[in-house]
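Read the figures in this text as sums done on the coordinates, not as results from a lab. It should be emphasised that the depicted structure is a prediction, and the values quoted were computed from it without experimental measurement. Quick reminder, even Gly has a Cβ in these numbers, built from the backbone with ideal geometry, and neighbours come from all protein chains shown.
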Amino acid sequence: MILDSLHSAFLLLVSWDAEMIEIVAVSLRVSCASTLVAALVGVPSGVVIALNRFPGKRLCLTVLNTLLALPTVVIGLLVYSFISRRGVFGPLELLYTQKAIIIGQVILIIPVVTTLTIAAISRIDRRYRRTALTLGATSVQMGWVILKEARFGVMAAVIAAFGRVIAEVGISMMLGGNAKGFTRTMTTAMALEYDKGEFVLAIALGAILLTFAFSINLMFHFLQGRIRGDDV
């Protein structure tokens, strides 16, 4: 059965099945959108937190590190309570849409982007900051200089966040509803096919997901290599 399923999945891949392409497209659409929004929020937040001292900074870092382990089911329940018909944002009719998935995924990966950005900024020699300020740079200009020096680490943070959401299933299932052609992602489709006892599409999507995961990790290790090369 396994060999037959693998063979059928291979044929499905090479034939570029329309349903499979549609599922992959939805996954990429929501994952890229959520990663972009999280990067726009998380990167500046990480820079500000890393470069400034303020009361409660240690607590802030502890909260961010704790949120890294936040289960997707908890996020799904939290967002569901706000966007369901009885929720505060119920009139917006966001539930079971791609926007709902994006909202949940953004909440999931903002701590990832922020925490890894803080780590990347913290690796930069403090002499860069002092030199920039000595030359008359403003706080914003100094932050931009530091961000450019930590660019590979920040890019690695964004890549890691994308890898987190492309393989996420709980939020997509709870907030998207797994509607065919609209909110069905690779992971939710794989779960559905497994429940139906049909493994061909699930194996094909799994192969695509593994390819994405391998590519993401390859880029991540490449950027890590660049970071270490800059440190030498």
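Below are the figures for this structure:
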quantity	calculated
Proximal lysines relative to Lys196, as straight alpha-carbon distance under 19 Å, when same-chain residues fewer than 8 apart are discounted	Lys180
The stretch 22-46-the stretch 171-187 distance, computed between alpha-carbon centres (Å)	16 Å
Principal axis dimensions, the chain - Cα atoms, whole angstrom, descending	67, 47, 25
Efficiency of FRET from Cβ geometry, Leu218 and Leu135, R₀ 35 Å, rounded to 0.05	0.35
MRE, 222 nm, helices only [DSSP H, n ≥ 4, -39500 (n - 2.57), over the chain, to nearest 500]	-26000 deg cm²/dmol
Net length gained if the chain between Asp125 and Lys57 were fully extended (0.36 nm per residue, minus Cα distance)	22.5 nm
Longest segment of the chain lacking chymotrypsin sites (Phe, Trp or Tyr not before Pro) that sit in a DSSP loop with at most 13 other Cβ atoms within 10 Å	17-181
Anchor Lys57: lysines whose Cα lies under 26 Å away (excluding residues fewer than 8 positions away in-chain)	Lys148
Efficiency of FRET between Asn65 and Leu40 - r from beta-carbon atoms, R0 30 angstrom, step 0.05	0.90
